[in-house]
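The values are calculated or read from the model by the stated rules, or taken from the named source; none is laboratory data. Source: prediction; values computed, not measured. Note: ideal-geometry Cβ built from the backbone for every residue, glycine included; neighbour counts use all protein chains shown.
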Amino acid sequence: MNNKYHNKPNLQVITGGLHRTAFYGQIRIVAAPEGSPPFHVEAMTYEEDTFLIMSADPNEVPVDIHPIRMMDELEHFKPKKPGTVVVKKGTPLRLLAVVHDVNQEPTCREEWVEKALHAVFREAERRGVQSLGMPLLATRHGRLPRSRFARLLGRALAATEVKSLKRIWIMAPVPDNCEFTAALKENLQTNKA
């Protein structure tokens, strides 16, 4: 066999691709698309509103609750405060970041996103979470620029005493994850100083 390609492998590993990585101390922050988790996550953050509607599963309508009881529960439901986090058990643990209030205009504010990020990291630390998934909060529905979210994320990490958290997956689509990671690296350096 005198093929000049005979001894060369047919496949090669290409580095890069869908994931972009930044570090903040011991924490590895990976920006990757929603359907491409870079690692297993113990807790997942979801963007939420004060009435907890955004993350509700429409297929999970409780059929065993009497309609009168359900109406009574709805009547006495107190909206959650913007900037807080509601914890829902499960695997992974669900951390609902309340960053929207549909009764206000605008429905989302930067300070709510920052407070919610602080609350997410505190809750993750309190529960010993080592790996966390998170969307780019308020960048789609709240119109927060991704670079601003990167700044808020960096400030929240700098203000939190992190002991258990080792990995954060930021769900960012491929065209955006390079820009987001560059902004994040810049903000993480600023917050370390």
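Annotations for the structure displayed:
- Considering residues of the stretch 124-146 that are free of Cβ contacts under 8 Å to residues at least 40 places away in the same chain and outside any loop (DSSP other than H, G, I, E, B) only, the residue farthest from TRP169 (Cα to Cα): ARG126
- Of all the residues in the stretch 159-193, those that are at pLDDT below 90 and either closer than 11 Å to ILE29 by Cα or in a helix (DSSP H, G or I) (or both) number 19.
- Count of the stretch 88-117 residues which are out of contact with any Ser or Thr (no Cβ under 6 Å at 6 or more places or on another chain), surrounded by 15 or more Cβ atoms within 10 Å (Cβ to Cβ), charged (D, E, K, R) and part of a loop (DSSP other than H, G, I, E, B): 1
- Test result for GLU60, surrounded by fewer than 17 Cβ atoms within 10 Å (Cβ to Cβ), in a loop (DSSP other than H, G, I, E, B), at pLDDT below 90 and acidic (Asp, Glu): yes
- Any hit, the stretch 180-190, residues being surrounded by fewer than 20 Cβ atoms within 10 Å (Cβ to Cβ) and under 22 Å from SER36 (Cα atoms): yes
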